[in-house]
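Derivation of every value follows stated rules applied to the coordinates shown; laboratory data play no part. Fair warning: this is a prediction, and the values are worked out from it, not measured in the lab. Methodologically, a virtual Cβ is constructed for each residue, glycine included, from the backbone with ideal geometry; neighbour enumeration extends over all protein chains shown.
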Amino acid sequence: MADPRFFARQGPFRLGDLAARGGATLGPGVDPDIEIVDVAPLEGAGPGQLSFFDNAKYVDAFKATSAAACIVAPRHAKSAPPGVALLLSDRPYRAYALAAQAFYPVAQPAAGIHARAIVDPTAVLGEGVSIAAGAVVEAGAKIGAGTSIGVNSVIGANVGIGRDCRIGALVSVSHCDIGDRVTLHAGVRIGQDGFGFAPDPAGHVKVPQLGRVVIGDGCDVGANSTIDRGSGPDTVIGPGCWIDNLVQIGHNVTLGRGCIIVAQSGVAGSSKLGNFVALGAQGGIAGHLRIGDGAQVAAKSGVMTDIPGGEIWCGSPAMPIKQFFREVATVKRLAENKGRQS
């Protein structure tokens, strides 16, 4: 159960209402008026609690759960223990997420400017904006209605931030236009200089970085991630992208819609990722590459060439995943043969 010191629980809710919220359907004979008071994992769920089952490796936990109700795919319904009310969904995890949001909605900071915040008189604040202690909003910045700026964050001059955004603590934003419903978690740095310079033995010469960062609606940027502004063209993060903690996005990079960039990954300057590209943890994409729509890159992979859309690549240097595993198997056989000969 979530610690009430940190998470304020709403509810209870009717099971039928939670099913509707998550786009699930009630299983045969399930009473829509069952009262659900909380959500919980399979192993810890008990009376009055809702859980979900979406991964076959946890089937034993599903068979043993004491949850009052569980969201499952129809193909797994037969494995449910007696007495558990089922909500059926082809996407159980998504349905669970939507139900859990009902119990634990995102806290809305109180509107207003804290006495210890600094807001330039030329900044434009929409209705219901919240500016926390120590935050600085510089000249000409525009912040949309319902947006909150966290403790000790700095919104640079002439930055534009849309409606209903959540800017965490110790965030710095400059040279940037941000859409609506964007979340920047603690420590994010947006719009700093790109890594552009002319090498010179007498001392490298900085190339002025004259572009912006443009972040589309509905993006989520994880803690301590950095997105450099463009050198002339903009750095563009498409709508609905989710970027994990400790990610580096270089100057002039373009991400299409719905990309997922997992922790400790990096995308070097001027590379372009299509829509719904996924980059696994500690993956790296070299500069000036093109990654096609729907491509996936496995964790710890180093991408040095373009990747066609829809393909899965793995390894360093990265290659199509079937080729990668063929090469791994070949090396393994060679090593085994060498061992038998010695």
Dipole magnitude of the chain, debye to nearest 20 (Cβ charges: Lys/Arg +1, Asp/Glu -1, about Cα centre): 960 debye
Trypsin sites (Lys or Arg not before Pro) within the range 88-173, DSSP loop, no more than 12 other Cβ atoms inside 10 Å: Arg116
Placed amide H near Ala117: partners under 5 Å, 5+ positions off or other chain: Gly134
Ile307 long-range amide H proximity, modeled H, under 5 Å: Arg290, Ile291, Gly292
Paired Rg and Dmax values of the range 130-269, which use every Cα atom, in angstrom: 14.6, 51
Size of charge dipole - the range 7-160 - debye, nearest 20, with Cβ of Lys, Arg +1 and Asp, Glu -1, no other charges: 280 debye
MRE, 222 nm, helices only [DSSP H, n ≥ 4, -39500 (n - 2.57), over the chain, to nearest 500]: -4000 deg cm²/dmol
Dipole of the chain, positive end: most advanced residue of Asn337, Phe62, Ala24 [Cβ charges, Cα centre]: Asn337
Cα centroid of the range 12-68 to Cα centroid of the range 195-270, whole Å: 41 Å
Calculated diffusion of the range 13-103, Stokes-Einstein form, Kirkwood radius summed over Cα pairs, 37 °C and 0.692 mPa s, µm²/s: 266 µm²/s
DSSP bridge pairs, the chain: antiparallel proportion in percent, nearest 5: 10 percent
All Cα pairs of the range 73-213, percent lying beyond 23 Å: 51 percent
Nonlocal amide H pairs with Gly240, under 5 Å, H built at 1.01 Å: Asp217, Gly218, Cys219, Gly258
Beta bridges by DSSP in the range 8-125, antiparallel share as percent, to the nearest 5: 30 percent
Ala8-His114 pseudo-label distance in nm [points 7 Å out on the Cα-to-Cβ vector]: 1.8 nm
(1) 84, 61, 39; (2) 76, 76, 32; (3) 67, 44, 43, with the label sought being that of the calculated Cα extents along the principal axes in Å: (2)
Cβ charges +1 (Lys, Arg) and -1 (Asp, Glu), total dipole of the range 174-342, debye: 720 debye
Local electrostatic count, Ser265, Cβ distance below 12 Å [Lys/Arg +1, Asp/Glu -1]: 0
